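As structure tokens, the structure follows; a few thoughts come after it.
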Amino acid sequence: MWPIIPYLVDKKVLGTAYGIALCFQSIGPIFGPIIVGRILDTTPDIISKYYRVNLFLAAAAVIAIIFNVILMVADKRSDGILMASNEDQKKIENNKT
């Protein structure tokens, strides 16, 4: 995630973009253990507890995959700089200026 930020935002707001990305990245470590703890506390059966925790973690992984696919599709529709090789990225950057 971090290396693509300079390609997505203007240099004037690069620091702000990194801050926003860090905030979104911190959501998982903040709320993940809270949600898992809540699942473990409210589920009476030991087998069901960890089944539900695994379902939650699998759902989080599926959501992450969906967002990655959305990013890839958006990149393909634009100039494709995120999936380009270093050489192609330099060519794309030179064509923009």
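Bear in mind that the values in this text are calculations on the coordinates, not laboratory data. The structure presented is a predicted model; accordingly, all values stated were derived computationally and were not measured. Virtual Cβ from ideal backbone geometry, glycine too; neighbours counted across all protein chains shown.
Here are some notes:
- Computed over the chain, the per-residue total of -39500 (n - 2.57) for DSSP H runs of n ≥ 4 gives a 222 nm mean residue ellipticity of -27000 deg cm²/dmol, rounded to 500.
- The orientation-averaged projected area of the convex hull spanned by the Cα atoms of the chain comes to 7.8 nm².
- Additional length obtainable on full extension of the chain from Ile65 to Gln25, 0.36 nm per residue less Cα span: 12.9 nm
- Within-13-Å neighbourhood charge of Asp79 [Cβ basis; K, R +1; D, E -1]: +2
- Long-range lysine pairs (8 or more apart or interchain), the chain, Cα under 19 Å: 7
- Between 0 and 90°, nearest 10: helix 14-42 axis offset from the chain longest Cα axis: 10 degrees
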